[in-house]
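What follows is a short report on a single structure.
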């Protein structure tokens, strides 16, 4: 079974609109962390935002926010006021449990911002 | 402040050859992880090094090996290259984020096996 599922292979969004990228996860651990990364065509993975499983508040970082719904096991990324430079691949990733150091990744969503 | 640096940026090798990729972690980071990202897919964890030891390994064959040096830099070695080893290889160094680790990535090495 997929641990991280990103159901949107690609999205087109008009500049300045908000966009939501979906991510659902599967784990039996109580302690875990969820990450969102942006990967432009250059290849570098750029860290955007992090949500710990015990964090009571949804994470926010500038124009990025994470809509964390623990019971539904979803961790959607919301980008407000999208910009042309937001065009990239976006990956959701999870680190499970304690003593586990690997990130498990989804297949990604390609976001294209239209002017 | 230099981030994670990887070298070389691009590499072309012939099937059956051996390759070494290099990574310098961000200043202050002592842990290095390696990931393989095939075209159109998410990254796959290869292994992580901490205190010069392999701390955790993903589902990769023994052809993939690594090393971490006292200055925390790391190498990824792949022997007997296969066409399927063609991918972007990403190095990440770790930092503490609350009770969890966060990861800073380099720009990767694009390996093409012909």
Notebook entry, point to check: With respect to residue B:37, is the statement that it is within 19 Å of residue B:86 (Cβ to Cβ), surrounded by 21 or more Cβ atoms within 10 Å (Cβ to Cβ) and within 9 Å of another protein chain (Cβ to nearest Cβ) true?
Noted result: yes
Next item on the list: Go through segment A:101-115 and count every residue that is outside any strand (DSSP E or B) and in contact (Cβ under 8 Å) with a residue 60 or more places away in the chain.
Entry: 5
Notebook entry, point to check: Does any residue of segment B:101-113 turn out to be at negative phi, surrounded by fewer than 17 Cβ atoms within 10 Å (Cβ to Cβ), without any contact (Cβ under 8 Å) to a residue 40 or more places away in the chain and touching a strand residue (DSSP E or B) at 6+ places or on another chain (Cβ under 8 Å)?
Noted result: no
Check: Looking at segment A:92-114, which of its residues are modelled with pLDDT of 95 or more, more than 9 Å from chain B (Cβ to nearest Cβ) and either closer than 19 Å to residue A:6 by Cα or touching a helix residue (DSSP H, G or I) at 6+ places or on another chain (Cβ under 6 Å) (or both)?
Finding: A:94, A:109, A:110, A:111, A:112, A:113
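The values are calculated or read from the model by the stated rules, or taken from the named source; none is laboratory data. Keep in mind it's a predicted model, so treat the numbers as computed, not measured. No Cβ is skipped: glycine too gets one built from the backbone with ideal geometry, and neighbour counts run over all protein chains shown.
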